[in-house]
Amino acid sequence: MDYAKQYRLMCPGPVNVSERVLNAMTRVEIGHREEEFSVLLREIHRNWLNIMGLPEDKYAFVAISGSGSSANEAVLTSAIGADDVVLSLATGEFGRRLGDISKIYNPHTICHHQDWATPLDLHAIEAILAAQHVDWVTMVHHETSTGELQPVEKVGALCAKYGARLFVDAVSSFMADPLDLQRANVSIMTTSSGKAIGMTPGLGLVVGERAVFERAATLPVRNYYLSLARHYDFYQRLGQTPNTPAILLFVALNEALRIILEEGVENRFAFQAAKVARLREGLDGMGLHLLHPDHVLSNAVSSVLLPTGLEFEALRAGLRERGFIVYSGKGPLKGKIFQISTMGAVDMYDIDDLLAAIHDVISK
Ligand SMILES: *Cc1c(COP(=O)(O)O)cnc(C)c1O
């Protein structure tokens, strides 16, 4: 069975990938202790920092074979120490998850969790930071469950003022919505291969200040596979990963990064914005409304209110029949919204086709 291009995956991950990325994953047989793997990993490292505009002497990148959550768990258990005070910010499912994972490992975790899809209360956050010492603030850049961007730069400025480090989960925003780690004062950031980079899932990706990786090496060891100190050490000394990596995904990741560099980072962001504008215009033309059109929305995912009288299941099945995958809302948004992603190898004509399919389904 040919699983490629069966459906247009317009859901918040996984995403469709380009032919070049698909082809890169075939006929790969190399050893991860051999020099060709080190050459590959070093090229990935260089391409990654290049795309993000980060200096190699200050920042480092590691790739973990696992989903996006593996990268988050690696940060929460190995960059952050058990004695660190963590302030977890959330306005939706994924921010809450960071808090939930942190509480398992870090007893001094304070949760500032607001109602879903409410703008982050910066005054309340500053009050917490002013009242007590906080080592780390955790937040998501794009809260995928609502489709809203969080004010990372503003939180970063508060972190700078009160001497806290900032960890940002940019799993669903990386390459869809720009984030300048240096300007926003972000110490460490995670993402996944399977979202806006335009790759298949399977790699948890971490980029952060070398100082954070070096500090991780001084903390008591709390895990083995997800230790960022071990990943950093193996890369620094050998250009390798500590354990057997998903080698073919590394080859495909590098292909995805090369494509971004060939297109130009700015052009990629502009295309993301153009795609989402076309989608939202088309939805508007059909009388479909976004969840909170006045909030700061991502270029990755659109949360659309279900029209009255239409159950999500009927919409999902109708679109699937027509070759499109969309997702339901989660938590309090279940039954209220559906979500459309414009990440990955989605073109303007895919958006037009999806709009036509939605029109077809809702008019039946
Ligand atoms: C998708 C996603 C994750 C990670 O999900 P995995 O299934 O582990 O890849 C984490 N955070 C956000 C914001 C996400 O959108």
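The values are calculated or read from the model by the stated rules, or taken from the named source; none is laboratory data. Note that the structure is predicted; figures quoted are calculated from it, not measured. With ideal geometry, Cβ positions are generated from the backbone for all residues, glycine too; neighbour counts draw on all protein chains shown.
Annotations
- Boolean, E126 is in the same structural domain as D169 (by TED's automatic domain parsing) and over 22 Å from T190 (Cα atoms): yes
- If you check R8, R20, R96 for being basic (K, R), in contact with an Asp or Glu (Cβ under 8 Å, 6 or more places away or on another chain) and crowded, with 18+ Cβ neighbours inside 10 Å, only one passes: R8.
- Residue that is nearest to I337 (Cα to Cα), among those in the stretch 109-137 that are crowded, with 19+ Cβ neighbours inside 10 Å and touching an Asp or Glu at 6+ places or on another chain (Cβ under 7 Å): A117
- Checked against the criterion of being more than 16 Å from the ligand (Cβ to nearest atom), modelled with pLDDT of 95 or more and buried (at least 24 other Cβ atoms within 10 Å of the Cβ), the stretch 186-204 contains not a single residue that satisfies it.
- The listed residue being within 18 Å of the chain's Cα centre (by Cα) and at pLDDT 95 or above, out of D177, D121: D177
- Annotation: L89 fulfils all but one of (1) within 16 Å of the ligand (Cβ to nearest atom); (2) closer than 19 Å to S303 by Cβ; the unmet one is (2).
- Each residue in the stretch 1-21 was checked for being outside any loop (DSSP other than H, G, I, E, B), more than 16 Å from the ligand (Cβ to nearest atom) and more than 13 Å from L253 (Cβ to Cβ), and 2 pass.
- The one condition from (1) at pLDDT below 95; (2) over 21 Å from R8 (Cβ atoms) that F269 does not meet is (1).
- Residues in the stretch 92-124 that are part of a helix (DSSP H, G or I) and within 15 Å of the ligand (Cβ to nearest atom): E93, F94, G95, R96, R97, L98, G99, D100, I101, S102.
- Of the residues making up the stretch 169-185, those that are in a loop (DSSP other than H, G, I, E, B), within 16 Å of the ligand (Cβ to nearest atom) and acidic (D, E) number 1.
- From the list R237, R222, the one residue that fits, being in contact with a helix residue (DSSP H, G or I) (Cβ under 7 Å, 6 or more places away or on another chain) and away from the ligand (no atom under 16 Å from the Cβ), is R222.
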